[in-house]
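Asks: Structure below; questions to follow.
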Amino acid sequence: MDNATLARATMGTSLGFHIVFAVLGVGLPLLMSVAEGLALLRHDEAWMQLARRWSRAFGILFAVGAVSGTVLSFELGLLWPRFMAFSGAIFGLPFTAEGFAFFIEAIFLGLYLYGWNRLSPVKHWLTSIPIALSGAASSLFVVMANAWMNSPAGFRLGPDGLLLRVDPLAAALNPSTATEDPHMLVSAYVVTGFLVAAVYAAGLLRGRDDIFHRRGLAAGMAMAAVAIVLAGITGDSSARFIYGAQPAKFAAMEGLYQTQRGAPITLGGIPVDSQHRILYGIQIPKALSFLAAFDLNAEVQGLDSFPPDRRPNPVLVHLSFDGMVGLGTFIGLLAAAFWLGVFRRRSIPKRRLLLWGLVLAGPASVGAMEAGWFVTEFGRQPWIVYGIMRTSQAATSAPALGLTFAIFIAIYAALAITTGRLLLLLAARTRAGGRVVSNE
Amino acid sequence: MFLMSSAEIVAGILWLALTAYAVLAGADFGGGVWDLFASGQRAAEQRAAVAEAMGPVWEANHVWLIFMITGLFTAFPITFGVLGLALFLPFTIAMVGIVFRGASFAFRAHGRDAVGPRSPWGMVFGVASVVTPFFLGTAVAAVASGAIRAPHGQLTSGFLDGWTTPLAVVLGFFALAIAAYLAATYLMVENERRPALLADFRRRAIAAALASGVLALTALAISAVESPRLLQSLTGRGLPLFVLALLNGPLALWAVWRSRPRIARAAVIAQVVFVLWAWAAGQWPYLVPPDLTISGTAAPDSTLSAMFVVISIGGLILIPSLWLLFRVFKARNPPADVESSAP
């Protein structure tokens, strides 16, 4: 494999690993803050126990997120030195801001995790608020930088390719930011909500029907349900934006080859470049034109209108897109079923089929998020900066990239296994020691 | 009086961040060193003291590195690109060390029953704490010795140049020793009321002081032969700070010897500051001598002024927050009840 491929594989693996922890760093503090706030407001020990249990797990998850995020900041320079030498001055500002947000999150997390006995209860609860806010801010800042790679703005190049003028604020608030940022932020709450709910649904399936499991499930599903609706809305506006701004990506997402009016949507199917069409998909006539432009006869550009060296890989992008939408719909329907059950029976539904569905919804939400990032990243190819710099030009010429790729795969596997094992052990120990409170 | 350009001010801010990282996170790596070398009948207590001191603050201390990286690629993108290429190997190793150090510490701190100091992760914590500062030190040597060549911003030196020399090895060990020295004096302060532990860390501080002193003098001797440029810059523009470092070293050792933890801690911090700023002043106005200057590789002024705004606003939030963190956990009060981390 050449360096560009290895650099992409290493960066992609690092991002795919980090993002799971990063979204929990956005979502869990909000859940902890609400639970502890409810505990103080209602003098409710069970909510307090939940906040403490979550904070324990969060101590591990945040640390893994922090170090894997550090890897990414290094890798920007180590894997993409040419990209950074060109782009740093333009899109670095949101990263600088993100540095401060990360600072605030780490500082107040230290106060939160180690301050249970050193701060008064109200002060302790107050320290959770900056964690939740700066976690969300981090995600917004980082995604601004990614949005800039999709719709580079805020600079002018001279004829020799040198930077003439830079407007870093315009770069941060580039056209993609308005759709990408909200979509990622709400997705973070989607994943957190469904993962938390999955943990407690699994406990209920094993007969652990106590106040912690019922409340933990309800809290996770509350976050998940609100967020999945918003994810649908923001995702829809994001897709419509891509239709106008990145037509090649849009054509790849939909597996559309011929430019046409009244374009159909193809659900599933495999785009086949040699035949210029998508095979085995289910087509809904005119639906794509309608969704993209609210006009049944709107023209949608197909892949054939781009030269082959300016097209993303439609198989990856289309299947990722359908995977994201499919998984998102699946978990959205589960959330609807859950809350319908709650309102109908005035208690947490305990049908085993639904609980099994919710256990699956945890990993499914992660899958939807990862698939969404596949769409963003594979869909931008062959560009690292859309229309400006090719990914193949940006990679490092350093030696031993294959080795570092293998090493990082091993590291992430070790971290994932250990984190999972530790969280299970923490849960087991909490159950062993938590009976007294739960029998109240 | 002279006026500094905005690029020089940003370079100064980044150097301040590097100083903060060295003084704060350096001590966290040093804590890992003392975890690895915990010995005697109080080994478990030594490890507990390290964990207690690091627990609430290490993640915040670590962020100085992120701030430096993002600040460097925003303000000096060409330098960042060159360093990413030239120091690919030592940075990759240090990065692996950072990952293992942080993750293993958290595994131990929050999964205490499951992952004790004697588990493989306990060992990983110590080893990663040794490896990381060593390779960061070799990277510093590559920059300071002028071995990284990048005329017109294009790297021409090799992937092994500058950080595999005898000087780099000595400076790598120097970084390790000074990190251990910092940690030992911090631990003396935090264990003032535990006489046995205080004595343990005093002995360790003396060992680290002697080691770092010998390594520093060795590095100077080697650089006279291997990199006259470095010696010239230290004895040129960097001379006042260099002299202060030479005078301060024995003072720090005296304070440790006489068991004056607070003076010792201040003196060792000052030592790190003097060394880093003697290096900075010595190679001014170069970021990476002899080819990359501050003004020559800086981002456009519009980027730098936007950075000022972000850094000013961020600083207004950051400084009180940091003050709160250190006041709650590091103020003069009895040692933390270790169980406070275990709700």
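Readers should treat all values here as calculations from the given coordinates under stated rules, not as data from a laboratory. Given the structure is predicted, the values throughout are model-derived calculations rather than measurements. Glycine gets a Cβ as well: all are built from the backbone with ideal geometry, and neighbour counts include every protein chain shown.
Asks: State to the nearest 20 debye the size of the charge dipole of the stretch B:1-114 about its Cα centre, where the only charges are +1 on K and R beta carbons and -1 on D and E beta carbons.
Replies: 160 debye
Asks: Another question, if that's okay. Under 15 Å from the Cβ of A:VAL34, count the other residues' Cβ atoms, weight Lys and Arg +1, Asp and Glu -1, and hand me the total.
Replies: Net local charge, A:VAL34 excluded: +2.
Asks: Considering only the other residues whose Cβ falls under 15 Å of the Cβ of A:PRO94, what net charge follows from Lys and Arg at +1 and Asp and Glu at -1?
Replies: The answer is -4.
Asks: Obtain the nm distance between the two label points defined at B:ARG258 and A:LEU333 by a simple spin-label model: each point lies 7 Å from its Cα along the Cα-to-C-beta direction.
Replies: Simple spin-label model gives 7.9 nm for this pair.
Asks: Now for a separate question. B:ALA331 to B:ALA221: extension gain in nm, 0.36 nm per residue of separation minus the Cα-Cα distance?
Replies: Using 0.36 nm per residue and subtracting the Cα-Cα distance, I get 35.5 nm.
Asks: Let me ask another. Going by the alpha-carbon gyration tensor, a ≥ b ≥ c the square roots of its eigenvalues, is the protein assembly as shown rounded (a/c under 1.5) or, if a/c is not under 1.5, prolate (a/b greater than b/c) versus oblate?
Replies: Details: a/c = 2.19, a/b = 1.23, b/c = 1.77.
In terms of gyration-tensor shape, oblate.
Asks: Nearest 500 deg cm²/dmol is fine: what mean residue ellipticity at 222 nm does chain A get from its DSSP H runs of n ≥ 4 alone, each adding -39,500 (n - 2.57), divided by its residue count? All intermediate terms of the calculation are to be shown ahead of the outcome.
Replies: Values: 14 runs with 325 residues, N = 440.
Counting only the DSSP helices, I get -26000 deg cm²/dmol.
Asks: Grab the DSSP H runs of chain B that are 4 residues or longer, score each as -39,500 (n - 2.57), total them, divide by all residues and round the 222 nm result to the nearest 500 deg cm²/dmol.
Replies: Values: 13 runs with 251 residues, N = 343.
Rounded to the nearest 500, it is -25000 deg cm²/dmol.
Asks: Of B:LEU72, B:PHE37, B:ALA60, whose Cα points farthest to the positive end of the dipole of the stretch B:1-105 (charges on the beta-carbon: +1 Lys, Arg; -1 Asp, Glu; origin at the Cα centre)?
Replies: B:PHE37
Asks: Under a straight-distance cross-link criterion of Cα-Cα below 26 Å, which lysines are reachable from A:LYS249, leaving out those fewer than 8 residues away in the same chain?
Replies: A:LYS286
Asks: Considering the options A:MET223, A:SER139, A:TRP125, tell which one lies farthest towards the positive end of the dipole of the protein assembly as shown, charges being +1 on Lys and Arg and -1 on Asp and Glu at the Cβ, about the Cα centre.
Replies: A:TRP125
Asks: Sort B:SER302, A:SER138, A:SER305 so the one with the fewest other Cβ atoms within 10 Å of its own Cβ comes first.
Replies: A:SER305, B:SER302, A:SER138
Asks: Going by a ≥ b ≥ c, the root eigenvalues of the Cα gyration tensor, does the stretch A:169-290 fall in the rounded group (a/c under 1.5), the prolate group (a/b larger than b/c) or the oblate group?
Replies: oblate
Asks: Can you list the residues of the stretch B:3-19 with backbone N under 13 Å from a point 7 Å past the Cα of B:SER305, pointing along Cα to Cβ?
Replies: Answer for the stretch B:3-19: B:6-7.
Asks: With an 8 Å cut-off on Cα pairs and a minimum separation of 6 or more residues, tell me the relative contact order of chain A in percent. Intermediate values should be presented prior to the final figure.
Replies: Values: 661 pairs, mean separation 79.8, N = 440.
Normalised by residue count, the contact order of chain A is 18 percent.
Asks: Which of the lysines could be linked to A:LYS123 by a straight reach, that is with a Cα gap under 26 Å, when you skip same-chain ones fewer than 8 residues away?
Replies: Within reach: B:LYS330.
Asks: Here's something else I'd like to know. Would you please give the FRET efficiency between A:ILE407 and A:ASP309, computed as 1/(1 + (r/R0)^6) with r the Cβ-Cβ distance and R0 = 30 Å, to the nearest 0.05?
Replies: Given R0 = 30 Å and the Cβ-Cβ separation, E is 0.40.
Asks: Find how many whole Å separate the alpha carbon centroid of the stretch A:279-299 from the alpha carbon centroid of the stretch A:374-427.
Replies: Using only Cα atoms, the two centres lie 34 Å from each other.
Asks: Suppose each label sits 7 Å from its Cα in the direction of the beta carbon; what would the A:PHE294-A:VAL122 distance come out to in nanometres?
Replies: Here the modelled spin labels are 4.8 nm apart.
Asks: If I model a spin label as a point 7 Å beyond the Cα along the Cα-Cβ vector, how far apart are those points for A:SER347 and A:LEU230 in nm?
Replies: That separation, rounded to one decimal, is 3.2 nm.
Asks: Could you tell me which of B:VAL23, A:THR404, A:MET11 has its Cα farthest along the dipole of the protein assembly as shown towards the positive end, charges placed at Cβ (Lys, Arg +1; Asp, Glu -1), taken about the Cα centre?
Replies: Among B:VAL23, A:THR404, A:MET11, the one farthest towards the positive end of the dipole of the protein assembly as shown is B:VAL23.
Asks: Run the numbers on the stretch A:25-159 and let me know its relative contact order in percent, using alpha-carbon pairs under 8 Å that are six or more apart.
Replies: Working: 106 pairs, mean separation 45.1, N = 135.
RCO, the stretch A:25-159: 33 percent.
Asks: At what distance in angstrom do the alpha carbon centres of the stretch A:54-71 and the stretch A:88-109 lie from each other?
Replies: Result: 17 Å between the Cα centres.
Asks: Another question, if that's okay. Name the longest site-free stretch of chain A, where the excluded sites are chymotrypsin sites (Phe, Trp or Tyr not before Pro) in a DSSP loop with no more than 12 other beta-carbon atoms within 10 Å.
Replies: Answer from the scan: A:1-279.
Asks: Cross-link partners among aspartates and glutamates for A:LYS350, C-alpha distance below 17 Å, same-chain residues fewer than 8 apart left out?
Replies: Here the aspartates and glutamates satisfying the reach criterion relative to A:LYS350 are A:ASP209, A:ASP210.
Asks: Here's another thing I want to ask about it. May I ask you to derive the FRET efficiency for A:ILE129 and A:ALA400 from their Cβ-Cβ distance with R0 = 51 Å, giving the value to the nearest 0.05?
Replies: For A:ILE129 and A:ALA400, the calculated efficiency is 0.70.
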